[in-house]
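Every number in this text was worked out from the coordinates using simple rules, so none of it is lab data. Because the structure is a prediction, the values reported are computed rather than measured. Cβ coordinates were reconstructed from backbone atoms using ideal geometry, including for glycine residues, and neighbour counts include every protein chain displayed.
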Amino acid sequence: KIDGFDGDIFSTLKLSDDEVLVCGGSFYGNNKHSETRILRKGKDGSWNYDGNSIGGFDNFVRSTMRLSDGEVLVCGGLYGNEHSETRILRKGEDGSWGYTDDKIDGFNCSFIYATLKLSDDEVLVCGSGFKGGETRILRKGEDGSWNYDSNSIDGFDGDAAYSTVKLSDSEVLVCGEISGHGLTRILRKSEDGLWGYDSSDIIGGFRGMI
């Protein structure tokens with residue numbers, strides 16, 4: 001057992017051969033806080049947590065994704081909260097990791113469950129809220145900052161989108177649920193560079209939640 005993480009663990013991401021990002025938190029009873037920690041491999045081959053948790057993320061962490069060697073996208077949400085949270089975790093010159101000051105606004109669901117890197121400057125983000133599933137594109141600007149497109153991608157009519165996988169450079173499989181049953185859709189990139197669902201692409205045959 002590796003001591004040092006006090007809450008539930010929801011997401012892990014390998015940063016290097018001797019460094020792992022571990023995210024989660026404890027949201028039951030009176031101990032309601034998120035936790036982001038680095039697990040490091042020592043010279044003797046053993047793994048141990050860094051001394052301090054990385055502050056700055058206020059909600060459940062459900063999804064993490066590497067954007068570059070020194071930049072990680074961290075997404076989550078909290079029950080009873082209508083807004084999810086999207087943040088960038090960056091590695092400093094001294095090798096330490098920390099969250100940037102600003103949260104990225106624009107995703108209105110309560111939970112972000114899935115992220116998928118489409119290109120070096122484009123990320124697909126999926127989740128759920130009180131009004132159903134939501135699919136959005138997060139884009140990197142010329143100044144290096146990340147922001148959501150102004151509009152959500154219509155067409156995923158389920159309660160939540162839980163997982164995504166790239167099928168090709170212009171085709172993504174998105175899976176989730178509607179009323180307790182599985183929902184599988186194909187998201188396609190058009191010639192003008194826009195992503196959208198096709199109403200004829202609902203794939204039947206999976207009875208349970210995906």
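Quickly run through segment 184-198 and pick out the residues that are surrounded by 10 or more Cβ atoms within 10 Å (Cβ to Cβ) and hydroxyl-bearing (Ser, Thr, Tyr). Within segment 184-198, Thr184, Tyr197 meet the criteria.
Please tell me if Leu89 is of a type in the set (A, V, I, L, M) and either in contact with an Asp or Glu (Cβ under 7 Å, 6 or more places away or on another chain) or under 23 Å from Asp201 (Cα atoms) (or both). Explain how you work it out, then say what you get.
On the way: of a type in the set (A, V, I, L, M): yes; either in contact with an Asp or Glu (Cβ under 7 Å, 6 or more places away or on another chain) or under 23 Å from Asp201 (Cα atoms) (or both): no.
Against the criterion (of a type in the set (A, V, I, L, M) and either in contact with an Asp or Glu (Cβ under 7 Å, 6 or more places away or on another chain) or under 23 Å from Asp201 (Cα atoms) (or both)), Leu89 does not qualify.
Residue count for segment 169-210, restricted to those that are among the polar types (S, T, N, Q) and closer than 20 Å to Leu138 by Cβ: 2. When the criteria are applied in full, Glu171 fails the requirement of being surrounded by fewer than 17 Cβ atoms within 10 Å (Cβ to Cβ) and free of Cβ contacts under 8 Å to residues at least 12 places away in the same chain.
Looking at Arg185, Arg207, just one residue is basic (Lys, Arg), more than 16 Å from the chain's Cα centre (by Cα) and outside any strand (DSSP E or B), and that residue is Arg207. Within segment 67-99, the set of residues being over 23 Å from Glu134 (Cβ atoms) and of a type outside the set (Phe, Trp, Tyr) comprises Ser68, Asp69, Gly70, Glu71, Arg90, Lys91, Gly92, Glu93, Asp94, Gly95, Ser96, Gly98. So, of the residues in segment 1-24 that are over 16 Å from Val72 (Cα atoms) and touching a residue at least 40 places away in the same chain (Cβ under 8 Å), which turns out to be surrounded by the fewest Cβ atoms within 10 Å (Cβ to Cβ)? Among those residues, the one meeting the criterion is Asp3.
Note on segment 180-199: residues that are in contact (Cβ under 8 Å) with a residue 40 or more places away in the chain and of a type in the set (Ser, Thr, Tyr) amount to 2.
Residues in segment 150-160 that are touching a Phe, Trp or Tyr at 6+ places or on another chain (Cβ under 8 Å) and part of a loop (DSSP other than H, G, I, E, B) were compared, and the one that is surrounded by the most Cβ atoms within 10 Å (Cβ to Cβ) is Phe156.
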